[in-house]
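This report refers to the structure that appears directly beneath it.
The values are calculated or read from the model by the stated rules, or taken from the named source; none is laboratory data. In this text the structure is predicted, and so the values were computed from the model without any measurement. No Cβ is skipped: glycine too gets one built from the backbone with ideal geometry, and neighbour counts run over all protein chains shown.
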Amino acid sequence: MARPRTYKTEALVLKGSPFGEADRLLTLYTLDRGKLRAVAKGVRRATSKLAGHLEPLTCSLLLLAEGRNLDVVAQAETKESFKALRDSLEALARAMYMAELVDAFAPEEVPNPGLYRLLLANLRWLSARAIALDESLEAALLRRFELRLLDLLGYRPELHRCVECSGPVTSAASFFNPRAGGVICVACRSRWSAGLLTVSPNALRLLRSLQSAEPRASPLITSASLREEVEGLLRHYIRYLLERDVHSIDFMDLLKREASPVEA
């Protein structure tokens with residue numbers, strides 16, 4: 001029997017870019033096929049009926065036709081638009097960051113339903129709270145998303161045992177080595193001449209809690225200094241793994257600076 005030339009899938013639109021005169025090249029993360037790239041023909045024309053269903057950060061039901069190089073979107077129906085994200089720059093920036101992480105880390109055409117559900121659940125959470133984001137809760141959400149994504153894609157950082165000697169690491173002073181993918185105990189510190197990040201006891205406890213917590217049980221991060229430390233550590237690790245910066249971080253940081261009170 002010949003293989004069907006069309007297929008249906010549920011997808012989150014990660015991003016889109018102009019393609020040809022009136023088309024758009026989409027990066028999709030699908031429930032059953034993983035990351036895909038597909039062409040949406042004619043969607044940049046004002047008369048397109050597909051355009052509204054294929055906006056970035058939209059969950060849609062798609063019918064795609066297999067092409068020689070790129071598949072083509074034949075039909076699209078919005079399942080969830082997360083409209084509230086467009087009403088808050090802060091929420092939108094965080095959603096864009098999550099989508100960029102998925103795009104950056106996920107290989108093409110490798111199904112990972114857990115990753116799909118993770119992104120979908122977090123977009124729902126952000127959309128539901130877009131107008132009244134709580135900084136402590138939002139920080140915990142982002143850090144847990146990062147840790148869960150790393151776990152699902154095989155980059156789970158080791159936070160309990162020294163990656164050098166395998167001995168248990170207490171909540172006393174310790175270090176994190178992005179190259180080795182985990183914590184280093186004080187005794188093994190001297191084996192590494194550079195590249196270690198100091199981890200405070202509170203930060204290590206928080207990271208362990210976030211790594212193991214269920215979504216609704218994630219701890220708040222009420223301390224600004226602790227938020228910055230944990231954020232910086234995970235940014236270093238993600239940058240090392242990707243070998244580049246995550247571009248949407250600049251937008252988030254800009255909004256954060258603009259929201260900070262100006263000292264007299």
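Filtering segment 111-124 to residues that are among the polar types (S, T, N, Q) and in contact with a strand residue (DSSP E or B) (Cβ under 9 Å, 6 or more places away or on another chain) leaves only N112.
Selection over segment 36-87 of residues that are in a loop (DSSP other than H, G, I, E, B) and more than 20 Å from M98 (Cα to Cα) gives a count of 15.
Yes or no, residue by residue, for (1) more than 19 Å from R208 (Cβ to Cβ); (2) touching a strand residue (DSSP E or B) at 6+ places or on another chain (Cβ under 7 Å); (3) modelled with pLDDT under 95:
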| residue | (1), (2), (3) |
| --- | --- |
| L126 | yes, no, yes |
| I131 | yes, no, yes |
| S136 | no, no, yes |
| L141 | no, no, yes |
| L147 | no, no, no |
| A172 | no, no, yes |
| S193 | yes, no, yes |
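Out of curiosity, is R161 among the charged types (D, E, K, R) and either at pLDDT 90 or above or surrounded by 13 or more Cβ atoms within 10 Å (Cβ to Cβ) (or both)? Yes, satisfied. Residues that are surrounded by 13 or more Cβ atoms within 10 Å (Cβ to Cβ), modelled with pLDDT under 95, basic (K, R) and under 19 Å from the mean Cα position of the chain (by Cα) do occur in segment 227-240.
Return yes or no: is S193 among the polar types (S, T, N, Q), exposed (fewer than 14 other Cβ atoms within 10 Å of the Cβ) and farther than 26 Å from S136 by Cα? So S193 fits the description; yes.
Residues are listed down the side, and each one gets a yes or a no for (1) closer than 29 Å to A22 by Cα; (2) polar (S, T, N, Q); (3) in contact (Cβ under 8 Å) with a residue 60 or more places away in the chain:
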{"site": "T78", "(1), (2), (3)": "yes, yes, no"}
{"site": "D103", "(1), (2), (3)": "yes, no, yes"}
{"site": "P107", "(1), (2), (3)": "yes, no, yes"}
{"site": "G114", "(1), (2), (3)": "no, no, no"}
{"site": "L126", "(1), (2), (3)": "no, no, no"}
{"site": "A130", "(1), (2), (3)": "no, no, no"}
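State whether one or more residues within segment 26-35 are outside any strand (DSSP E or B), in contact with a Leu (Cβ under 8 Å, 6 or more places away or on another chain), in contact (Cβ under 8 Å) with a residue 24 or more places away in the chain and under 24 Å from M252 (Cα atoms). Within segment 26-35, not a single residue is outside any strand (DSSP E or B), in contact with a Leu (Cβ under 8 Å, 6 or more places away or on another chain), in contact (Cβ under 8 Å) with a residue 24 or more places away in the chain and under 24 Å from M252 (Cα atoms).
The residue list L206, L254, L220 contains one member that is surrounded by 15 or more Cβ atoms within 10 Å (Cβ to Cβ) and at pLDDT below 95, which is L206. From the list R68, R37, which one is surrounded by fewer than 22 Cβ atoms within 10 Å (Cβ to Cβ), in contact with a strand residue (DSSP E or B) (Cβ under 8 Å, 6 or more places away or on another chain) and among the charged types (D, E, K, R)? Answer to the check: R37.
Condition check for S166 on (1) modelled with pLDDT of 95 or more; (2) under 29 Å from the mean Cα position of the chain (by Cα); (3) farther than 12 Å from L233 by Cα: one failure, at (2).
Residues are listed down the side, and each one gets a yes or a no for (1) within 23 Å of the chain's Cα centre (by Cα); (2) of a type in the set (V, I, T); (3) crowded, with 16+ Cβ neighbours inside 10 Å:
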| residue | (1), (2), (3) |
| --- | --- |
| K8 | no, no, no |
| F19 | no, no, yes |
| T27 | yes, yes, yes |
| R44 | no, no, yes |
| K49 | no, no, no |
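Screening A106, A76 for residues that are within 19 Å of the chain's Cα centre (by Cα) and buried (at least 20 other Cβ atoms within 10 Å of the Cβ) leaves exactly one candidate, A106.
You will find that of L141, L137, L85, the residue that is closer than 22 Å to L204 by Cβ, touching a residue at least 12 places away in the same chain (Cβ under 8 Å) and either of a type in the set (D, E, K, R) or crowded, with 21+ Cβ neighbours inside 10 Å (or both) is L141 and no other. All conditions but one from (1) in contact with a strand residue (DSSP E or B) (Cβ under 7 Å, 6 or more places away or on another chain); (2) buried (at least 16 other Cβ atoms within 10 Å of the Cβ); (3) of a type in the set (S, T, N, Q) apply to T198; the one that does not is (2).
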